[in-house]
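Input: a single structure, listed below in structure tokens.
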Amino acid sequence: MNLNHTTALFILGCMISIPASAADLEISLTNLTHGNHFTPILITAHAGTSHLFQSGEVASPALQKMAEGGDIGDLVAAAMANNELTVENPAMGLLAAGSKTSDIMLDTQTMTHLSIVAMVLPTNDAFIGLDAWEIPTAPGTYTLNLNAYDAGTEANDEIINGGGMSGTPGIPAAPGGDGGANGTGVMDTSSNTKVHIHPGVLGDTDIAGGMSDVDSRIHRWLNPVARVVVVVK
């Protein structure tokens with residue numbers, strides 16, 4: 001049967017206007033580090049134009065707050081204001097080295113991309129990051145290895161002093177109780193103030209002094225630092 005030009009255009013227009021089908025996701029995240037903790041994790045499903053962070057760009061105040069102190073509140077508020085879907089703190093607190101979250105169920109509705117962040121402790125402003133990963137349309141299991149990023153907002157002095165407020169130097173804590181004290185501070189000569197791959201901590205082995213309060217035997221890492229497994233239903 002032949003279709004006239006008008007009918008063909010109508011059918012084509014209907015096909016183009018059909019929204020992408022929603023994907024049901026099952027997500028898990030594993031801490032691959034030797035001795036570091038992740039602060040509360042934030043997962044967002046969103047349009048491709050949105051970002052929790054972007055490598056090579058200046059960190060937003062909300063990202064800085066998360067990267068320096070582990071507080072995801074402002075990132076959550078921004079995502080919700082943008083009508084994004086969020087999963088907040090699925091580990092119900094800190095995620096220790098070698099630990100894995102329970103399976104996280106997420107109906108993406110019309111959202112097409114996935115992002116994940118969480119601070120790495122003990123560090124000054126390191127965080128795990130997945131930036132606007134396009135969710136596959138084909139069902140299957142997808143494994144993503146995540147790097148640690150440096151927010152570029154604070155010098156990596158490696159001093160554990162209970163800090164954590166944006167713009168306040170220092171590291172909030174070593175959650176495992178395995179940090180040192182009385183460090184003189186690492187001289188961070190980096191001039192990179194944009195979000196970039198974290199160089200890793202230096203640390204030392206002097207728990208009562210030295211240049212760093214971070215224990216190099218426990219807290220040093222090589223990327224990747226986290227593994228995300230996404231099952232698309």
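The values are calculated or read from the model by the stated rules, or taken from the named source; none is laboratory data. Fair warning: this is a prediction, and the values are worked out from it, not measured in the lab. Note that each Cβ is placed from the backbone with ideal geometry, even for glycine, and that neighbours are counted across all protein chains shown.
Listed here are the residues, each with its yes/no results for (1) touching a residue at least 24 places away in the same chain (Cβ under 8 Å); (2) out of contact with any strand residue (DSSP E or B) (no Cβ under 8 Å at 6 or more places or on another chain); (3) hydroxyl-bearing (Ser, Thr, Tyr); (4) farther than 18 Å from residue 230 by Cα.
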| site | (1), (2), (3), (4) |
| --- | --- |
| 22 | yes, no, no, no |
| 35 | yes, no, no, yes |
| 39 | yes, no, yes, yes |
| 53 | yes, no, no, yes |
| 70 | yes, no, no, yes |
| 88 | yes, no, no, no |
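Condition first: under 16 Å from the mean Cα position of the chain (by Cα) and either in contact (Cβ under 8 Å) with a residue 24 or more places away in the chain or part of a loop (DSSP other than H, G, I, E, B) (or both). Can you find one or more residues in segment 157-164 that meet it? Full working, then the answer.
Within segment 157-164, the subset under 16 Å from the mean Cα position of the chain (by Cα) is none.
Within segment 157-164, not a single residue is under 16 Å from the mean Cα position of the chain (by Cα) and either in contact (Cβ under 8 Å) with a residue 24 or more places away in the chain or part of a loop (DSSP other than H, G, I, E, B) (or both).
Evaluate segment 116-130: report whether one residue or more is surrounded by fewer than 21 Cβ atoms within 10 Å (Cβ to Cβ) and assigned to a strand (DSSP E or B).
No, segment 116-130 contains no residue that is surrounded by fewer than 21 Cβ atoms within 10 Å (Cβ to Cβ) and assigned to a strand (DSSP E or B).
Output the number of residues of segment 52-85 satisfying the condition of being crowded, with 17+ Cβ neighbours inside 10 Å and more than 25 Å from residue 122 (Cα to Cα).
Qualifying residue count, segment 52-85: 4.
Check whether at least one residue in segment 145-154 is closer than 22 Å to residue 78 by Cβ, charged (D, E, K, R), surrounded by fewer than 19 Cβ atoms within 10 Å (Cβ to Cβ) and modelled with pLDDT of 95 or more, and report yes or no.
Checked against the condition, which is being closer than 22 Å to residue 78 by Cβ, charged (D, E, K, R), surrounded by fewer than 19 Cβ atoms within 10 Å (Cβ to Cβ) and modelled with pLDDT of 95 or more, segment 145-154 yields no hits at all.
Given the conditions (1) of a type in the set (A, V, I, L, M); (2) surrounded by fewer than 16 Cβ atoms within 10 Å (Cβ to Cβ); (3) modelled with pLDDT of 95 or more, and given that residue 218 satisfies all but one, which numbered condition is not satisfied?
Of the numbered conditions (1) of a type in the set (A, V, I, L, M); (2) surrounded by fewer than 16 Cβ atoms within 10 Å (Cβ to Cβ); (3) modelled with pLDDT of 95 or more, the odd one out for residue 218 is (2).
Out of all the residues in segment 87-106, is one or more crowded, with 16+ Cβ neighbours inside 10 Å, at pLDDT 95 or above and touching a Gly at 6+ places or on another chain (Cβ under 7 Å)?
yes
Here's a check for you: in segment 147-170, which residue that is among the β-branched types (Val, Ile, Thr) and touching a helix residue (DSSP H, G or I) at 6+ places or on another chain (Cβ under 9 Å) is nearest to residue 133 (Cα to Cα)?
153
Determine whether segment 133-149 contains at least one residue that is part of a loop (DSSP other than H, G, I, E, B) and aliphatic (A, V, I, L, M).
The answer is yes, given that some residue of segment 133-149 is part of a loop (DSSP other than H, G, I, E, B) and aliphatic (A, V, I, L, M).
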